[in-house]
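S.K.: Quick one: structure below, then a few questions.
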C-alpha cells in the first residue's frame, strides 16, 4: 500500500474509531505503523521521525494542558497524536512534491476572503495573525510548497477531528483578546512551524542545506 493511502486511512479511520469507540486500538495501530516505517526506512528518516516526536509531544501538551486553546475528548492528549503528526508531515511533503512551482502563495491567498470574514464578524480574529505567519513561512521559508500543503491537510484533518468530537477549540483564545473558529481556519500555521523546526533540526544533524532534507528522504 502506498504511504499516502496508508496515512489518509490511518488518520481518517483512526479519529473515527477513537471518537466513537475507544482510543487504545488507535494507539496500538499508530505505534505499529510508525515502528514498521522506522524499521524499514533509512537513517535520515529515522532521525526525522524522532525529531517529529520530540517537537510534537511537548507542543501538544503545551497547547492543550498549559495554554488550553483546545481540549481533548478524554481530557488528555491521546497517545497516538504525536505519531499522527509524523504521518501528516510525511503526507504533506509527498503532496507538496506534486504541486507546481509558484503555487504555494496562491493556495494560501485563496483563504483571504474567509480570513476577512472571520475578522469582520469577530468569530475568528486569530486568523489575521495566523495568515501573516503562514505567508511568512511560504515567502521566506525553505519549503513553501510543504507549508501550503500542510495548511490544507491540517485544516481537513482538524475539521474531521472536531466534527467527530476528538477535540474542541476554544472560541476565546486564552491569554489573548483573539477569537477562533472550531477549528481555527489557519490552524495549519502551527504545523508549518513544527515542520520548519523538524527540517532545521535534521539539516543541522546531517550537516546539509535544509532544501535537500525532504528530497533525500523521499528519494
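S.K.: Compute the FRET efficiency between residue 168 and residue 21 as 1/(1 + (r/R0)^6), taking r as their Cβ-Cβ distance and R0 = 22 Å, and round to the nearest 0.05.
M.R.: 0.70
S.K.: Find the relative contact order for the chain and round it to a whole percent, using C-alpha pairs within less than 8 Å whose residues are 6+ positions apart.
M.R.: It comes to 25 percent, rounded to a whole number.
S.K.: With 10 angstrom as the radius, rank 39, 152 by how many other C-beta atoms surround their C-beta, starting from the fewest.
M.R.: Ranking 39, 152 by Cβ neighbours within 10 Å, fewest first, gives 39, 152.
S.K.: Assuming R0 = 22 Å, can you tell me the calculated FRET efficiency for the pair residue 139 and residue 176, based on Cβ-Cβ distance, to the nearest 0.05?
M.R.: Computed FRET efficiency for residue 139 and residue 176 comes out at 0.35.
S.K.: Okay, moving on. Out of (1) 22.7, 84; (2) 16.9, 50; (3) 20.1, 77, which label holds the value of Rg and Dmax of the Cα atoms in Å that was computed here?
M.R.: Of the listed options (1) 22.7, 84; (2) 16.9, 50; (3) 20.1, 77, (2) comes from this structure.
S.K.: While we're looking at this one, here's another question. Please compute the modelled spin-label separation between residue 63 and residue 43, points set 7 Å along Cα→Cβ, answer in nm with one decimal.
M.R.: About 3.3 nm separates the two model spin labels.
S.K.: Suppose only helical runs count, i.e. DSSP H with n ≥ 4. What mean residue ellipticity at 222 nm does that imply for the chain under -39500 (n - 2.57) per run, divided by all residues and rounded to the nearest 500 deg cm²/dmol?
M.R.: Helices in the chain give a 222 nm mean residue ellipticity of -22000 deg cm²/dmol.
S.K.: Most exposed first by the Cβ proxy, i.e. fewest other Cβ within 10 Å, how do 172, 90 rank?
M.R.: Fewest to most other Cβ atoms nearby, the residues stand as 172, 90.
S.K.: Could I ask something else about it? Give the distance, in whole Å, between the Cα centre of region 150-188 and the Cα centre of region 62-137.
M.R.: Their Cα centres are 8 Å away from one another.
S.K.: Based only on other Cβ atoms within 10 Å, what is the fewest-to-most ordering of 175, 29?
M.R.: Final ranking by Cβ density, sparse to dense: 175, 29.
S.K.: While we're on this one: Considering the chain as a Gaussian network with a 10 Å cut-off on Cα pairs, which listed residue, 22, 56, 180, attains the greatest mean-square fluctuation?
M.R.: 22
S.K.: Would you mind classifying region 46-169 by shape? Square roots of the alpha carbon gyration tensor eigenvalues, ordered a ≥ b ≥ c; an a/c under 1.5 is rounded, otherwise it is prolate if a/b is larger than b/c and oblate if not.
M.R.: Oblate is the answer for region 46-169, as a/c is 1.5 or above yet b/c matches or exceeds a/b.
All of the numbers you see were taken from the coordinates with simple rules; none came from a lab. Worth saying up front: this structure is predicted, and the values here are computed from it rather than measured. FYI the Cβ positions are ideal-geometry reconstructions off the backbone, even for glycines, and counts take in every protein chain you see.
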